[in-house]
Structure formats: structure tokens, C-alpha cells
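S.K.: Please find one structure pasted underneath; my questions will follow.
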Amino acid sequence: MTASTSGATATIANPVPLRQDARTIGLIGLAHGSSHFFHMLLPPLFPWLIGEFGFSYSELGLLVSVFFVISGVGQALSGFLVDRVGARPVMFFALSSFAAAGLAAGTAQGYTGLLLAAALAGLGNAPFHPVDFTILNKRVSPQRLGHGFSVHGISGNLGWATAPVFMAGIATATGSWRTACLCGGLLALTVLAIMVWNRDALDDRQGAWAHQAKGGAAAAKPEHPMAFLKLPSVWLCFSFFFWSTCALSAIQSFASPALQSMYGLPLSVTAMVVTGYMLCGAAGMLVGGFLVGRVQRLEKIISVCLLGSAALLVVVASGLLPGMVALVVASVAGLGTGLAGPSRDMLIKRAAPPGATGRVYGTVYSGLDLGFCLAAPVFGAMLDHGMTAGIFYGSAVTLGLSVVSAALVGVGVAARAARPVPAAA
């Protein structure tokens, strides 16, 4: 019997309790949802900020860009930090930065104060994907990892969906957008307290799969820490996140005013498109978690789902639908992106070399930040110039480009899997 067979037998004989995996997955889901919530700390308050300070959409789009520039650069670097010091302390620092961002936004007296809040929120957001995926890959048993990815994606969408309701709701109820920001900071402190209380379930240096990874890493020939950057699959995954995030940025920040302009719906109604899009995405991710374990060529799932979403956005852009129907169709487009989510995360795992989890996820997911950074001012300028349909046409085009990247990643992974494995000594 080979060593790998013995390890598999041992795993079956001594399965990891469901409660243990579920606890880690749930905590990571809560943390990830918090990071996505703080993507939307300021965008739901744009109407209040325009009313008080007279900012343009282009200026507000720049706040989003600042967030994602800092997050993107920090995400690529934090992957190395996570691999070196562990994921848990980095997570605690990130949540503390979110609390500081809420305080800075709530006390801002002008654009400079809001820039500080965006920068602090970006600093907090930077480590989350390297942190989350390192803990999931090292603490959760392989047979439940697909569901862990699914919950991770669902929680992110729920964070995005909750933020507009939370922030705009508190601002409306209290008449103060500052109160909403301070409540956001308090929320971050609450999540931090929960993570500290349950810190044993987040220790990526003590998980069963972490020990297996250490053994594998010791047996493998050591490589330079930057060697993974030579892999084409890493940069293809990066480009996939960049293009898919350009579409998401347009929907999150500008779909609501675009629907108002195109279809004459009140902003109080069109604001629900972001929540609807994210809730549909969460539902898609729930189903997508089951598809991961049943399909070998994951890029096929990704392509079909994202092209379906792109087609729905083109229909909305045409302006031919009744107003409320257009809002519903735009929301349902989130279903396809959600279905593709778990397959996307598993495809990255398959493309990543052993022992470089934090670095690969940090680099790949920095494409997400770059997409948000560049797309927000571009789509904001389109809206300022009356190109409302371009918000949805542009989203559809960038989703199509992300499909091309995913297909190329899948081809590379399949080719690598087909290569003969050298015989062990």
C-alpha cells in the first residue's frame, strides 16, 4: 500500500467532524462578508454626500478607486505576509482597520476625510482573500472544501447585499449619514470580537491539512518565493478577476442611477438592484458548491453561467423592457455570476502550485481590486455624459472577456493533469 493510499484510508477511518469544519467555514464566511460590506461603506451614501458636499459621480468614483488601489497593492503583498506569519493575526489587523475606517468616515469634514476612510477600508480589505483561502485550504477537510468555497462566496455577496440596506437605512432613519458610518465601524468591532473568541478554529498553523501541506512542502524541491509568477495560469486567473470585476463594479456603483435614467424609476426602487443582484448571486453560489465536485472541466460551468449573465445585461441595456421587469432581469443576472463562483475558486486552487496558497490568491485576487479601481471612474464618467446604456453593455462585454481568460486557465490545468507523473524513488 502506498503512502498516499494509507493517508486516504486514515482520512476515511478518522473523518473530521462536520461541526469542526462547519465552525471554521462559518467564521470565514462571517469575516469575508464583513470585508465585502466595507467595499460598500461609502457608495450607498453617495446621494447624501452629493447633497452635503456637492461632489460629482466622477469624484465619488475616485473614492472607490482609492479603496481598490490600496486593497490591490496590499492584497498582492499580504499573500507573502500570510505565508510567513499565518493568516489569523493578519485577519485581526484587517478587521481593526475596518473599525477605523468607519470612525474616519463618520467624522469626515470633507473630501480629504473621506479619502482617509476609503484608504483605511482598502487597507483592511487587502488581506482577506489570502487569509480566507489559506485558512479554508488548511483547516477544512478536502471533501467539504467545495462547500467552504460556496459559503465563502455566498457570504461575500450577502455582505454586498446588506451594506446598501444597512448604510442607507440607518442614514434615512436617523437623518445622518455620519451615524451610518459609525454604526459600520461598530459592526466591524463586533465581528473582530467574535473572531478573537473563536481564534482556535482559525489557526491555519494547526489544521490537519496544514500538517499535510508542510510534509509535502518539505519533500518537494524548494523554489524561490517569486517562482509562481512565472506560471501563465496565475496571470490568466488575474485577468479573469480583472474583467469579471469590471462588470461587478458597474452594477454595484452605477446600475441604480442608470436604471432610474433609462426607465424612469425612483431611486428608492432602483437602489434594490444591487441587493437583488447579490442575493441572486448568493443563491447561485449555493448551487455552485454542489457542481464543483461533479464536473471536471470547471471552465465550462464558468463560461455558460457568465455568458448567460452577459446576455441578460444586454437585454436590460436595450431599453425595451418595462421598468420593473428591467430591474428584475438585471438582478437575475447575478445568478449566473454566483453559479460560476465556487468553480472559479476551485479552478484557482488547481492552478496554484503547492506551498504558495497565500501568494497565489493574493496575486490573483488583486485583479479584482484593479478591476474595481479602473472601472469605477470609467463607468462614472459614462454616467456623467449620459451614456446610461453603456453601464450594462460594458458589463456584458467585460463578462465575455472574463470567459476567455477562464477557458485558457482550464486548458492549462487540463494539460498539466494529463502529464505523466514521474515514478517515486
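The values are calculated or read from the model by the stated rules, or taken from the named source; none is laboratory data. Small disclaimer: the values here were computed from a predicted structure and weren't measured. Positions of Cβ are backbone-derived with ideal geometry, glycine not excepted, and every protein chain shown enters the neighbour counts. Note: areas computed on protein heavy atoms with side chains; ligands, DNA, RNA excluded. Shrake-Rupley method; radii C 1.70, N 1.55, O 1.52, S 1.80 Å.
S.K.: Could you look through segment 376-406, keep only residues that are in contact with a Ser or Thr (Cβ under 9 Å, 6 or more places away or on another chain) and not in a helix (DSSP H, G or I), and pick out the one that is modelled with the highest pLDDT?
M.R.: Checked segment 376-406; the qualifying residue modelled with the highest pLDDT is THR388.
S.K.: Take ALA117 and decide whether it is open to solvent by less than 10 Å² (accessible area, probe 1.4 Å) and touching a residue at least 24 places away in the same chain (Cβ under 8 Å).
M.R.: On the way: open to solvent by less than 10 Å² (accessible area, probe 1.4 Å): yes; touching a residue at least 24 places away in the same chain (Cβ under 8 Å): yes.
So ALA117 fits the description; yes.
S.K.: Which one is nearest to TRP197 (Cα to Cα), of the residues in segment 27-51 that are modelled with pLDDT of 85 or more and either open to solvent by 40 Å² or more (accessible area, probe 1.4 Å) or not in a helix (DSSP H, G or I) (or both)?
M.R.: Filtering first and then ranking leaves LEU30.
S.K.: Is segment 223-242 home to any residue that is touching a Phe, Trp or Tyr at 6+ places or on another chain (Cβ under 8 Å) and at pLDDT 85 or above?
M.R.: Within segment 223-242, none of the residues are touching a Phe, Trp or Tyr at 6+ places or on another chain (Cβ under 8 Å) and at pLDDT 85 or above.
S.K.: Kindly evaluate ALA121 against the criterion of being at pLDDT below 90 and in contact with a helix residue (DSSP H, G or I) (Cβ under 7 Å, 6 or more places away or on another chain).
M.R.: So ALA121 does not fit the description; no.
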